[in-house]
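Worksheet: one structure, shown below.
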Amino acid sequence: MSSTKGTLSAGRPSVKAGDKRKAATLASLSDERPVKRVNFELPAAQHAKLKIYAARQGKTVKELLTEYVGQLPED
């Protein structure tokens, strides 16, 4: 049983208290840029159309949309 009975703590559940320094070090080794999640709704027919198009291109919907957004002008 935990010695901090009744308290809540934030953080990754997989990181134990003594391992936080190690986890931060491993995270800092990543050279990836920060990311944001995009979430929106589509009618079912448009969703199916998008998935079929992506499959025919040999790509995932994520890859397809990421490439599209990358081609947009910076303005």
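Here are a few things to note about the model shown:
- The requirement of being assigned to a helix (DSSP H, G or I) and at pLDDT below 95 is not satisfied by Ala48.
- The residues of region 45-74 that are closer than 22 Å to Val35 by Cβ and surrounded by fewer than 11 Cβ atoms within 10 Å (Cβ to Cβ), listed by number, are Lys62, Tyr68, Val69, Gly70, Gln71, Leu72, Pro73, Glu74.
The values are calculated or read from the model by the stated rules, or taken from the named source; none is laboratory data. These numbers were taken from a predicted model, which means no experiment stands behind them. As a convention, Cβ positions derive from the backbone with ideal geometry for all residues, glycine included, and neighbour counts pool all protein chains shown.
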